[in-house]
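See below for the structure under consideration.
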Amino acid sequence: MMSIHRVGVVGCGLMGAGIAQVCAQAGYQTLVSEVNEELLKKGMKAVRTSLERGLARGRILKRDQETVLRQLKGTTNIEDLRDSDLVIESIVENLGEKKKLFKALDGLCPPHTILATNTSCLSVTEMAISTGRPEKVIGAHFFNPVPVMTLLEIVTTSFTSEETVGGLKEFGESVGKSVVLARDDPGFIVNRLLGPFLLDAIRLLESGVATKEDIDTSMALGANHPMGPLRLADFIGLDTVLFIAESMYEELKDRKFAPPLMLKRMVTARRLGRKTGEGFYVYE
């Protein structure tokens, strides 16, 4: 099994910054790339803020913070990732853009490099066949916030080699994640189950069956969930919930993934949840 020492992360947004942080914190030489200096600075600032928060809450030690600051570097030149043993893509959820990136990475990185995507629902197979190394392409679906959430979904295609799966599984465990394996089917495991749950909660609210507070309280206390589905949708981002629903409905043509009109209207109005200060609930 190949050894991973150098990790590249493409995209330093919410997810990319978190992925870069946990990789560096585990001791990997980590290089994160962004398209311009402004976005890179914003992402690196998010990492520092996350580290400070982790220290304040006792989730990490001072030495963990020092390790990240020492091991993590940023760049605006994607060609700097050429020596990576593993590259994790975390750019916009657009299949065309991801395929274009994977083709570029395939031409840039040495043959042994594993190319992974953090997509939450798009076809890993489509990305794999855009390269000349489909056996080295795999899904690495982290969850937000990455430094806190301990799950990693590894998504395999019919091309993915056992060596690639084993290497990524070992890597995932080394960065503190519990690893599950899923086939490249729409939504994988979590979103295949979570999507209809969130959409049904929105439909309940939309049809007036119960208030948002009572829907959330019912699932928090009745099903022992840490938070109710509407508050969880706000946390994920209603635009993300809508994107996943539409992508999965397009693939499966299953009515349970058809997004409710209320969700569409809220996204149009930019009531996206925590990220905009208002969704089903209002946030400071």
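The values are calculated or read from the model by the stated rules, or taken from the named source; none is laboratory data. Owing to the predicted nature of the structure, the values given are computational and were not obtained by experimental measurement. A quick note on method: Cβ atoms are made from the backbone with ideal geometry, for glycine too, and the neighbour counts reach across all protein chains shown. Side chains included, ligands, DNA and RNA excluded: accessible areas come from the protein's heavy atoms. Shrake-Rupley method; radii C 1.70, N 1.55, O 1.52, S 1.80 Å.
Let's see how each residue does on (1) more than 13 Å from C12 (Cβ to Cβ); (2) small (G, A, S):
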{"residue": "E37", "(1), (2)": "no, no"}
{"residue": "M44", "(1), (2)": "no, no"}
{"residue": "G58", "(1), (2)": "yes, yes"}
{"residue": "L69", "(1), (2)": "yes, no"}
{"residue": "I78", "(1), (2)": "no, no"}
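Close Cβ contacts (under 9 Å, 6 or more residues apart or on different chains) running from residues in region 23-47 that are at positive phi to residues that are part of a helix (DSSP H, G or I) and open to solvent by 50 Å² or more (accessible area, probe 1.4 Å) comprise G27/S174. Being surrounded by 12 or more Cβ atoms within 10 Å (Cβ to Cβ) and either under 19 Å from L81 (Cα atoms) or of a type in the set (V, I, T) (or both) is the filter here, so list the residues in region 35-49 that pass it. Result: V35, L39, L40, K41, G43, M44, V47.
Can you tell me which residue among F171, F257 is under 30 Å from H5 (Cα atoms), in contact (Cβ under 8 Å) with a residue 60 or more places away in the chain and crowded, with 21+ Cβ neighbours inside 10 Å?
Matching residue, one of F171, F257: F171.
Applying the criterion of being surrounded by fewer than 24 Cβ atoms within 10 Å (Cβ to Cβ) and part of a helix (DSSP H, G or I) to the residues of region 7-16, the residue that is modelled with the lowest pLDDT is L14.
The single condition among (1) within 23 Å of L14 (Cα to Cα); (2) part of a helix (DSSP H, G or I); (3) modelled with pLDDT under 95; (4) of a type in the set (D, E, K, R) that D239 does not meet is (3). Candidates I19, I4: the one that is open to solvent by less than 40 Å² (accessible area, probe 1.4 Å), within 25 Å of G167 (Cα to Cα) and assigned to a loop (DSSP other than H, G, I, E, B) is I4.
Sort out which residues of region 85-107 are in a helix (DSSP H, G or I), over 20 Å from E246 (Cβ atoms) and touching a strand residue (DSSP E or B) at 6+ places or on another chain (Cβ under 9 Å), and write them in order of number. The answer is L101, F102, L105, D106. When E34, E79 are checked against the criterion of being over 21 Å from the mean Cα position of the chain (by Cα) and either of a type in the set (K, R) or over 18 Å from M149 (Cβ atoms) (or both), a single residue qualifies: E79. Of the helices (runs of 4 or more DSSP H) contained entirely in region 115-220, those carrying at least 3 residues that are over 23 Å from G237 (Cα atoms) and small (G, A, S) fall at 162-174.
Here's the yes/no breakdown for (1) open to solvent by 30 Å² or more (accessible area, probe 1.4 Å); (2) closer than 18 Å to V179 by Cβ; (3) modelled with pLDDT under 95; (4) in contact with a strand residue (DSSP E or B) (Cβ under 7 Å, 6 or more places away or on another chain):
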site	(1), (2), (3), (4)
C121	no, no, yes, no
M127	no, no, no, yes
V146	no, yes, no, no
L152	no, yes, no, yes
T156	yes, yes, no, yes
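In region 50-69, is there at least one residue being surrounded by 18 or more Cβ atoms within 10 Å (Cβ to Cβ) and touching a Lys or Arg at 6+ places or on another chain (Cβ under 7 Å)? Taking every residue of region 50-69 in turn, none turns out to be surrounded by 18 or more Cβ atoms within 10 Å (Cβ to Cβ) and touching a Lys or Arg at 6+ places or on another chain (Cβ under 7 Å).
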